[in-house]
Amino acid sequence: MVSSVRDSLKRNISYLIVGPTLKVFEAFFDLLIPLFMKSIIDLSFNQPHDSVTSIIISLIESFPKIHSETIINYCLVGGMFILIMGIVGFTTTMITQFLAAKCASNVGSDIRLSLFKKVLELNKKELSSISTNKIQTIINSDTFQVQQGVMYFIRLATRTPFIIIGSLIFSIMLDYQIGLLFLILIPSIIFIIYFFMTKSSKQYLLIQEDLETLSSKVSDTISGIRVIKVFNKEDYEKNKFKINVDKYKKDVSIASKYNAFINPLTFAFVTLIIILTLVSGSNKISENINNENNAFLPSTLITLVSYLDQIFLTVIVLTNIVIIFIRSLASSKRVNSILSINPSIKNESNVKKEIKQKEEYISFNNVSFKYFDNSKEVLKDISFKLNKGESLGIIGSTGSGKSTIANLINRLIDSTSGEIKYKGMNIKEYSLNYLREETSYIQQKAVLFNGSIKSNILLSNLDTDDNDINKVLSIALADEFVNKYPEKINYEVKESGKNFSGGQRQRLSIARGLIRKPELLILDDSTSALDLISDKKIRENISSNYPDLTKIIISQRISTISSCDNILVLDSGIQCGFGSHQELLRESKVYKDIYDSQNRGEK
Amino acid sequence: MKNKRIFSYIKPYKKIVIIVFLLLSVFLVSQSLIPLLVGRYINNFAKASFTDKITLIINYNQSELTKYIILISSLLLFGSVSCFFYEYYLAIFVQNVIANIRLDIYRKINSLSISKIEGKTVGEYVQFVISDVENISLGISSFIKQLLQGILRILITTIIMFCTNWFLSICVIVLSPLSLFVSKFVAKYSYKSFNITRDNTSNLTSYSVEATNNISLIQSLNNQEESSNKFESLNNSLKKSSVMSQFSSSWTNPVTRLINGLIYSLVGISGIVLVYYNLFSLGIGDVSAFLTYTNGYTKPFNDISSVIGEFEAYKVAMNKIDELLDNEDDIDSTKKLDDKIKSVEFKDLSFSYDGNKDVLSDISFSIKEKEKVALVGQTGSGKTTLVSLLLRFYEPTKGTILFNNNDINSINKKSLRSHIGMVLQDSWIFNGTIKENINYCGTNNENEVYNICNEIKANSFIETMKDKYDTHITSNSSLSDGQKQIITIARVLLDQNDLIILDEATSNIDTLSEKIIHNAFNSLTKDKTSIIIAHRLSTITSCDKIIALNDGKIVEIGSHKQLLKNKGYYYQLYNSQFK
């Protein structure tokens, strides 16, 4: 686990130092090539020596003759040096490239894994402030951006500035006036590119939003196609879509305008510098025609034009790298924002405890919960007890806080105030593993994972055989459809179980909960997509197969919970009754109202 | 090639295309001539002298040089202006083409039949409209910017070089593409590891999406460790393959640089030798021009070869879109249903989705004007299918439905649906304000919106929201399922229809609120015909007619009282609610 992007970079520090250092060789050799060419020209045409190339010239001159014709000899020797530099540079670069790939992949995978582990530790409260979409983007695309950033850093962070600065230094050494001209004009090119790029990248944020609008429009249309057709709104939707498309078109056109400035302006600037170099260079040469020690030669002019080419090409690379770096910096901030979260619910101790039948299993003492300091309380002053082997029904309308109680028992969240006791001790004393191992919390939204029916059932209990699986499937009434597949329990489950109906998913998720042989079973509206007969049958099956099970049944239907030992009645987070069905009919008005609404005076 | 459709999109912009092409040519000619002129300029004052000692003599002719400077400056002007307009018009052209493609796709989606539309996932359609179209846009612009521009540049540079010196030209032309072959060779080897990396990436992505969508579930199943381990093993295989693919792809640049550097020196050195021996009357400035051409000569080749990948993506996207646009529109009829719906009659109707298993068989019953009919039965008994047929989302396999004694197959769909309102099982909330979501039918009378919401007690939660009726909501909003259902009920009640269908419209609403809504619904629709599908039977006891379905067949028809007396299927179903 790494705690931040920086942390992961530190672990790979050796790559980050060695890689860029090796890269300097190639860059340096690239800078020398134009000087070698100049030296060959000067030697061949008997030009006066100039101080910049004197070392290279003496190197070529002192090399043993390999050809009798002087000029051919110079060319061969010079060419050989260039070849050797090329090969050495290539070799070191290849090492760098490998180090870059290795380091980037290390950092990327470190960060991804740490993010994933961190996210799995976050509780519902913490998750409620980050959208799942954001988490997924950070794990999948932001880490990739960081990885790209690391790779390009190693590959180009030294090369590009080295080439640009080196070319400028050599140009100044060759002729300080023209060199200074480069020094002033090169930043102006960079500025122009930068100016239009930031303009257009701001515009691209808008374009990104436009694309998101388009995509949400399309997904809205597809998911609501039946409604659209019932309302005869096809033409209306088409017009609305056209407005979105036109907005996108307009925003892209503006960005294109900014982009269209970059190439012609840089082209114009570079050409302008060439013109100035030519004019001032030829002036210098002609002024000093008769001066034997003249340092400014026709070859100097050629070399300067070459350096200018090189600077210009590298500046383009540099702007691209800057974009990659900016992106990866933004991404690494997003990565850090997740990695720096300190999960408030942690695995702390290893207390385990057994209790006997009819002893207090769970108790709530004035428990309240809210998501944020300034938000409304989801639960307020809830108090009740549940003994081992008994059943508790929780009833209330949507949004009354029923599921929140289940979340608290499972420690998916912690209460804001009040105390929850589990087997007589504060629930926070237990390790999360122990707590969750003993409890099966079956949620209303039945989610299956990509794999097979078997892999989904086994998700929580790996050491069981097929007989156990078949048993829980039959308890959950899932056997009737599972056995229809030729592959039976090995039948494929597609992503999020989309090849199963809502009712089938709920039955499988009940089976998944039962195979763990839990002490406490929480059914949170887990049969909402089932018809009443199946719903009842499943509850009966569970009672007869697991007589000692402690149960919490959450529902909106009186019929589902009326047989529970105790029933907790909730209304907008407030406890409006606790007792048996008969007691509540007498004592709780809310309960009586719900009962009446569901029975309509019949029977 | 099946990709002919693109031409029909380009055709309306023929003029822009021609202008873009002309501007591009002007730009490329100006840009390519500059190195030659720079070379000529140098030639002009530095000539090789072959008299006694071979050296370069300086011949400074001010007026001659000024001519060149003026020439270069005017090329600068032409080049940069045409370059700007070329890039700008190209973008405009591409944007217009892809906007039209987008609109056509969207239009097509709206005119397909329900079974066609629902045969693909939402994600697939989003991909059509977003990424596939983006790929087409990329394909077209890279076709012009890289392929066309690259070919033109090679052509123009080649001509200019040949006009200067054929020997050096052949050197440049033969040697420069060498780096291209090498990089192709590298690409071929890295292709395999790239594919592996891509597969590994998508495995990891789909696993992480699945897991992060269900964090609480994983926690409560105590499955964090297994999840992390699975992620770690997927992550490790991605790491391994990504080292290989990133390394193998990073060969291209150094290899190209090495080869280009060598060619550069070779051209330079042979140029010097040619000048020295006074061959082909080559000047030293020409050598400098050739060095610039050598530097720039491989770039268009690289551009052209990089187009291939983008072009593949373009072809795949275009074929997919082609296929979508080639789909037949949904069948329709012309007869209008002008009168109110007075009677609906199902006649021996059977229906099957796949042609094998009948979902509905031999359904016959009729509904009179203002009647309230309930459909009951277990999950999968065919209730939703039945009402889908009523809206002509599907065509019956056998038998038919008569509206005012007109065969449904002869009635125009729009005209049929204009009489029917329906609340579906899955509540549809679109990106917009609450008011827009409720007032989907588009009535001008805003008061009606508030009245309806008042009646069904929707305003109680809407008023607590941030901007009340103007609160922006999306399908993923924090609205509860029940609240979403209430909004969709209000939406249908606002639209004045003769026949209203509720398909488990209150399944997620608590029983107290459900009662209120049903009372309101009954009073608002007392003059209308309605069909109600419900799990909770307490809501339909007052209906005129209850139709019990089991396994796609009608088991019983009658009023609540009659059916209870019968002690048949409905009786069983009803009693199961109260244990």
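A few comments on the model shown:
- Each principal axis of the Cα cloud of region A:5-339 was evaluated for its coordinate range; sorted largest first, these ranges are 92, 45, 31 Å.
- A Förster distance of 41 Å, applied to the separation of the beta-carbon atoms of residue A:445 and residue B:394, puts the FRET efficiency at 0.90.
- Ordering B:128, B:139, B:103 by Cα displacement along the dipole of region B:99-145 toward the positive end leaves B:103 in first place; charges were set at the Cβ atoms of Lys, Arg (+1) and Asp, Glu (-1).
- Hz values of 3J(HN,Hα) by residue in region A:540-554 - Karplus curve (6.51, -1.76, 1.60), Gly and Pro given as x: 5, 4, 5, 4, 6, 7, 10, x, 8, 5, 8, 10, 10, 10, 9
- Its residue count N sets the reference 2.2 N^0.38 Å, and the alpha-carbon radius of gyration of chain B equals 1.49 times that reference.
- Binning the C-alpha pair distances of region A:320-415 at 5 Å intervals from 0 yields a P(r) profile of 3, 9, 13, 16, 14, 11, 9, 7, 6, 5, 4, 3, 2, 1, 0 %, listed from the shortest bin outward.
- The phi torsions of region B:549-555, fed into the Karplus equation with coefficients 6.51, -1.76 and 1.60 and a -60° offset, translate into couplings of 10, 9, 6, x, 10, 7, 9 Hz, rounded to whole numbers, with Gly and Pro shown as x.
- Each part gets one Cα centre, and for region B:538-579 versus region B:357-389 those centres are 13 Å apart.
- P(r) of region A:25-131 over all Cα-Cα pairs, binned every 5 Å from zero, in whole percent: 2, 10, 14, 13, 9, 7, 6, 5, 5, 5, 5, 4, 4, 4, 3, 2, 0, 0
- FRET efficiency for the residue B:446 to residue A:132 pair, using the beta carbon distance and R₀ = 45 Å, is estimated at 0.80.
- Extension gain, residue B:557 to residue B:320: 0.36 nm times the residue separation minus the Cα-Cα distance gives 80.5 nm.
- Applying a threshold of 21 Å to the alpha-carbon distances of B:67/B:299; B:116/B:413; B:340/B:528; A:124/B:468 flags B:67/B:299; A:124/B:468 as lying beyond it.
- Averaging 1/r over every pair of different alpha carbons in region A:171-309 and inverting the result gives a Kirkwood radius of 19.6 Å.
- Under 5 Å, built H, 5+ apart or other chain: amide partners of residue A:567: A:393, A:579, A:580
- Region A:419-469 and region A:112-155: distance between their alpha carbon centers, rounded to Å: 26
- Unit charges on C-beta of K, R, D, E only; dipole of region B:97-325, Debye: 400
- Proximal lysines relative to residue A:488, as straight alpha-carbon distance under 26 Å, when same-chain residues fewer than 8 apart are discounted: A:445, A:454, A:471, A:498, A:517, A:536, A:537, B:230, B:357
- Rg ratio (alpha-carbon, reference 2.2 N^0.38 Å) - region A:447-514: 0.95
- Shown is the FRET efficiency for residue B:202 and residue A:357, computed with R0 = 51 Å from the Cβ-Cβ distance and rounded to the nearest 0.05: 0.50.
- Once backbone amide H atoms are built at 1.01 Å from N, residue A:418 has A:368 as its partners under 5 Å, excluding neighbours fewer than 5 places away on the same chain.
- Taking 17 Å as the straight-line reach from the Cα of residue B:372, the aspartates and glutamates in range (excluding those fewer than 8 positions away in the same chain) are B:345, B:498, B:503, B:504, B:527, B:544, B:556.
- Centre-to-centre, using Cα atoms only, region B:133-165 and region A:180-195 are separated by 28 Å.
- Considering only alpha-carbon pairs that sit under 8 angstrom and 6 or more positions apart, the relative contact order computed for region B:343-576 is 27 percent.
- Nearby aspartates and glutamates by direct alpha-carbon distance to residue A:346 (threshold 16 angstrom, same-chain neighbours under 8 apart not counted): A:121, A:126, A:414, A:429, A:437, B:225
- A simple rule links phi to the HN-Hα coupling: the Karplus curve 6.51 cos²θ - 1.76 cosθ + 1.60 with θ = phi - 60°, which for region A:120-130 gives 5, 8, 6, 8, 3, 5, 5, 5, 5, 9, 10 Hz, with x for Gly and Pro.
- Above-threshold pairs, the threshold being 24 Å between Cα atoms, out of A:494/B:553; A:249/B:184; A:402/A:592; B:383/B:457; A:388/A:428: A:494/B:553; A:249/B:184; B:383/B:457
- Per residue, the convex hull volume that the Cα atoms of region A:483-603 enclose (Å³): 152
- For residue B:508, distant residues with modelled amide H under 5 Å away: none
- Remark: relative contact order (region A:5-339) = 29 percent; criterion is Cα-Cα distance under 8 angstrom and separation of 6 or more residues.
- Each of residue A:419 and residue A:533 was given a label point 7 Å from its Cα along the Cα-to-Cβ line. The distance between the two points is 5.0 nm.
- About its Cα centre, region A:5-339 has a charge dipole of approximately 2080 debye under the convention of +1 per Lys or Arg Cβ and -1 per Asp or Glu Cβ, with nothing else charged.
- Of the Cα atoms belonging to region B:343-576, the radius of gyration and Dmax stand at 18.1, 52 Å.
- Shown here are the Rg and Dmax of the Cα trace of the protein assembly as shown, at 38.6, 130 Å.
- Projected label points at residue B:299 and residue B:10, each 7 Å from Cα along the beta carbon direction, are separated by 2.5 nanometres.
- Length gained on full extension, residue A:466 to residue A:242: 75.1 nm, using 0.36 nm per residue less the C-alpha separation.
- Counting 0.36 nm for each residue step from residue A:586 to residue A:84 and taking away their Cα separation leaves a gain of 170.8 nm.
- Think of region A:70-140 as a dipole: +1 on every Lys or Arg Cβ, -1 on every Asp or Glu Cβ, centred on the Cα centre; then among A:71, A:127, A:96, A:127 lies furthest on the positive end.
Quick note: the coordinates plus some simple rules give every number you see, no bench work behind them. Remember, predicted model here, so these are calculated numbers, not experimental data. As a convention, Cβ positions derive from the backbone with ideal geometry for all residues, glycine included, and neighbour counts pool all protein chains shown.
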